[in-house]
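Data block below; observations after.
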Amino acid sequence: MASASGIARRTGRRFLSSLPALLGVLVFTFLLMRVLPGDPAVFFASGPNAGKAEIEEIRRQMGLDKPVPEQLVRYLGDVARGQLGRSMTTGQPVLTDLRQRLPASLELTLTALVIALLLAIPLGIAAALRPGSAVDHAVRFLCALGVCVPTFVSGLLLIYVFYYLLGVAPDPTGRVDVFAASPPDITGFLLIDFPLVGDWEGFRAAAGQLVLPALTMALFVLAPLARITRAAMLSVLGSDFIRTARSLGLPRRRVIVTYALRNAILPVLTIAGIVFSTMLGANVLVEKVFSWPGVASYALDALLASDYAPVQGFVLLMASLFVVVNLTVDVLYGLADPRVSIE
């Protein structure tokens, strides 16, 4: 297995090589927000009949009275100091808003990814073991259905069936019931904070609120995970070492799990990292349908209000998380397959 120092060196090099891409994202997002139609100063002025002096004062507060190149230099300097500006919508620093809302998005996305993997890997293995069978066709149909149905449609259908018709799901109005007390803000993850304070009733309530939105997101990303698992397993099952293992009379379960799945898991890790990064930025519809207070809905509200700073902060956060996820996948590659070269 690759040494820890080798993995650390490789991870450090990959991180340094990603810094120019992050800078490019910063500059592109900054310039894009400036060419979008609409004047945020007019939007945040009090009322449609606000005077020119009031609008100019808001422009000065937002730094929009300076030339665009000067605005860009100041913004890059603020980012280098860890300052992402202040949201005109909430009145708080963007960094504070993102720190408060990011745990909600991460909790939802991680839960959805775990559900998707628990469903997709067995489905992909079952389809690969019986190619062309009814099971294979059923899995492919399910994958096609998951891709074709938008998340807001599947979310509304789940609400209609499990909340309205059957009455087994809680009211889809956020992370906790409107009449329930939130736990102390320790980590921001309710599934962790409730057990830390010994409130298991609150934990069950938070888990219940999480089920439908997480299942909605899981159904959407089920297709790529199941497809890559099926394709990887088909490729591995046709390999010489699998035929050798079978000819030696090894148990079928051991051949599939120990030899085939371990070698097929690498592409699944890659696509899982990509899917996770995509889910974080693309779950805005799910957050809106279920009134989930995450960063995606926060950025959408800011975009509709022409509030520059939150949108720029959100894009930078997503790009940074994408880099972190890729680095994590690199480390997992080295742990899953000792043949992966550090150099």
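Screening the candidates 260, 309, 305 for the property of being closer than 21 Å to residue 99 by Cβ and surrounded by 23 or more Cβ atoms within 10 Å (Cβ to Cβ) yields one hit, 309.
Pairs linking a residue in the range 17-28 that is over 14 Å from residue 322 (Cα atoms) to a residue that is loosely packed, with under 13 Cβ neighbours inside 10 Å and of a type outside the set (S, T, N, Q), with Cβ atoms under 6 Å and 6 or more positions apart or on different chains, do not occur. Only one entry of 211, 153, 178 meets the criterion of being surrounded by fewer than 18 Cβ atoms within 10 Å (Cβ to Cβ), among the β-branched types (Val, Ile, Thr) and farther than 25 Å from residue 279 by Cα, and that entry is 178. Contact annotation: residue pairs with Cβ atoms under 9 Å, 6 or more positions apart or on different chains, pairing a residue in the range 183-197 that is free of Cβ contacts under 8 Å to residues at least 40 places away in the same chain with a partner that is part of a loop (DSSP other than H, G, I, E, B) and among the acidic types (Asp, Glu), are 183/199; 193/185; 193/199.
With the requirement that a residue be among the hydroxyl-bearing types (Ser, Thr, Tyr) and over 29 Å from residue 14 (Cα atoms), what does the range 274-324 give you?
Those that are among the hydroxyl-bearing types (Ser, Thr, Tyr) and over 29 Å from residue 14 (Cα atoms): 291, 297, 298, 306, 308.
Could you identify the single residue in 325, 284, 295 that is of a type in the set (A, V, I, L, M, F, W, C), without any contact (Cβ under 8 Å) to a residue 60 or more places away in the chain, within 27 Å of residue 29 (Cα to Cα) and crowded, with 21+ Cβ neighbours inside 10 Å?
None of the other options fit; the residue is 284.
Examine the range 130-141 for a residue that is in contact (Cβ under 8 Å) with a residue 40 or more places away in the chain, surrounded by fewer than 18 Cβ atoms within 10 Å (Cβ to Cβ) and not in a helix (DSSP H, G or I), and state whether such a residue exists. Yes, the range 130-141 contains at least one residue that is in contact (Cβ under 8 Å) with a residue 40 or more places away in the chain, surrounded by fewer than 18 Cβ atoms within 10 Å (Cβ to Cβ) and not in a helix (DSSP H, G or I).
Coordinate-derived values only; no laboratory data. This structure is a prediction, so every number in the text was calculated from the model and none was measured. Glycine also receives a Cβ, built like all others from the backbone with ideal geometry; neighbour counts cover every protein chain displayed.
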